[in-house]
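K.L.:
Let me begin by handing over the structure; questions about it come next.
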Amino acid sequence: RLGPSSSGHLGRPPPLSSLLLAMAKRAAHTALDEVDAGGAFKRTAAGFRSFVRAGGRFPPEPGRYHLYVALGCPWANGALTALYLKGLEGVVSYSVVHPTWRRTRPHDPLDQHVGWHFRRPGDAPVENELGHGANECDDALVPDTVNGCSSLREVYELAQDETGKYSTPVLWCRRERTIVCNESLEILRMFDSSFDDLAKHPEVSLFPTGSEAQAELERLNDFVYPCVNNGVYRCGFARTQGAYDTALRELFVALDRLEQHLLKGEGPYLTGKAFTWLDLRLWHTLVRFDPVYHTYFKTNLRRIADSPGLLGFLRKVYQIPAVRRTTNMRHIKMHYFTSHPTLNTYGIIPASDGPDLEDSQDESARV
């Protein structure tokens, strides 16, 4: 005798459409798969959105949380920068994945998902998924010392993930053995204020409290995020000419707006003399622009090196010790150029590292 089904109807199996939807939700995929019917890249929302706060399910405690990051990923890179800005390296531990995506279930011939995986410094070099290249395992790598996982996918599966997208950054709770959050901006907010009683630098704040400053940041972010931070991906992962043309046009309109804003503003940052979350996120996009996006994502109308305002912004931000410490150009270039064989079959990594971030005069690219 059949009992109640998950659809709530006695004796009836769930509709086939519901089963297919559930399977789709769980299907392993990457950002390259997030494309609509018109060939435009459409980033999906993060699946874990809890928050660290006093008195809540996840209270701020030393040693309770672990951050998983990829130094090649701008979103994760920003979270690690914020950790150092606040002086939380003794409070929140972290792991760093290898830059080159590989199969996350290499022994399952039916599962072709590729993504972030862990290696130790000194391990054998990593080829791309087609067997090309020899990408080193350097001293920047930090394996998963918390869960002992071999891939980030395994971390998500420990948390009973249902989204199938295994992105960085990830904030993990050791006590409850689950993911707290994988939305980068919310992790920035948590690091900015939730751990102040434990931070070495509680006086540092990326999120101003004044309503006028907040409104200005949101106004800028209304075009910075969709057209620049996410805009470079809309260019690079587009599958139709029309989708690419639209994304490229909107990207450079936004970059022109930022260039004029920085040249006319009181600077050196987007809203004046205070370094904010928006500056941090813009930095991690712009520092990748000339060495990666200009070539790899075909954003080649102009370089950041050709824009004095944006270049000056890059050089100013690079002087911040936490930014300098967490910027790893080798990992940045290795990730993009070796992880997507459909875009770069042989995994060749171009030579240029972009403009010299140290020299305030020389605007030429360094190699």
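The values are calculated or read from the model by the stated rules, or taken from the named source; none is laboratory data. The structure presented is a predicted model; accordingly, all values stated were derived computationally and were not measured. Neighbour counts are summed over all protein chains in view; Cβ atoms, including those assigned to glycine, are modelled from backbone coordinates with ideal geometry. Please note that ligands, DNA and RNA were not included when accessible areas were found on the heavy atoms of the full protein model with its side chains. Shrake-Rupley method; radii C 1.70, N 1.55, O 1.52, S 1.80 Å.
K.L.:
Tell me which of these Val170 doesn't satisfy, since it passes every other one: (1) open to solvent by less than 30 Å² (accessible area, probe 1.4 Å); (2) over 20 Å from the mean Cα position of the chain (by Cα); (3) of a type in the set (Val, Ile, Thr).
P.N.:
(2)
K.L.:
Just give me the residues in segment 133-146 being in a loop (DSSP other than H, G, I, E, B) and open to solvent by less than 60 Å² (accessible area, probe 1.4 Å), in sequence order. Working first, answer last.
P.N.:
Initial filter on segment 133-146 (in a loop (DSSP other than H, G, I, E, B)): 133-134, 136-141, 143-146.
Those that are in a loop (DSSP other than H, G, I, E, B) and open to solvent by less than 60 Å² (accessible area, probe 1.4 Å): Gly133, Cys137, Asp138, Ala140, Leu141, Pro143, Asp144, Val146.
K.L.:
So in segment 187-202, with the set limited to residues that are charged (D, E, K, R) and part of a helix (DSSP H, G or I), which one is surrounded by the most Cβ atoms within 10 Å (Cβ to Cβ)?
P.N.:
The initial filter retains those residues of segment 187-202 that are charged (D, E, K, R), namely 189, 192, 196-197, 200.
Restricting the remaining residues to those that are part of a helix (DSSP H, G or I) gives 189, 192.
On the way: Arg189: 18, Asp192: 20.
Among those that are charged (D, E, K, R) and part of a helix (DSSP H, G or I), it is Asp192.
K.L.:
Let me ask you something else. So, in segment 70-98, exactly how many residues are in a loop (DSSP other than H, G, I, E, B), within 23 Å of Asn230 (Cα to Cα) and open to solvent by 10 Å² or more (accessible area, probe 1.4 Å)? Steps first, answer last, please.
P.N.:
So in segment 70-98, the residues in a loop (DSSP other than H, G, I, E, B) come out as 70-73, 87-92, 97-98.
Filter once more, keeping what is within 23 Å of Asn230 (Cα to Cα): 70-73, 97-98.
Next cut, open to solvent by 10 Å² or more (accessible area, probe 1.4 Å) only: 71, 73.
Selection size over segment 70-98: 2.
K.L.:
List the pairs whose first member sits in segment 213-234 and is closer than 18 Å to Ile304 by Cβ and at pLDDT 95 or above, whose second member is of a type in the set (Val, Ile, Thr) and in a helix (DSSP H, G or I), and whose Cβ atoms are under 6 Å apart, counting only residues at least 6 apart or on separate chains?
P.N.:
Val228/Thr285; Asn229/Thr285
K.L.:
State all residues of segment 263-296 that are farther than 25 Å from Asn328 by Cα and surrounded by fewer than 21 Cβ atoms within 10 Å (Cβ to Cβ); if no residue qualifies, say none.
P.N.:
Leu263, Lys264, Gly265, Glu266, Gly267, Gly272, Lys273
K.L.:
From the list Arg153, Arg119, Arg105, exactly one residue is closer than 17 Å to Ser339 by Cα and surrounded by fewer than 18 Cβ atoms within 10 Å (Cβ to Cβ). Which is it? Give the derivation first.
P.N.:
Numbers: Arg153 fails: surrounded by fewer than 18 Cβ atoms within 10 Å (Cβ to Cβ); Arg119 fails: surrounded by fewer than 18 Cβ atoms within 10 Å (Cβ to Cβ).
Exactly one of Arg153, Arg119, Arg105 is closer than 17 Å to Ser339 by Cα and surrounded by fewer than 18 Cβ atoms within 10 Å (Cβ to Cβ), namely Arg105.
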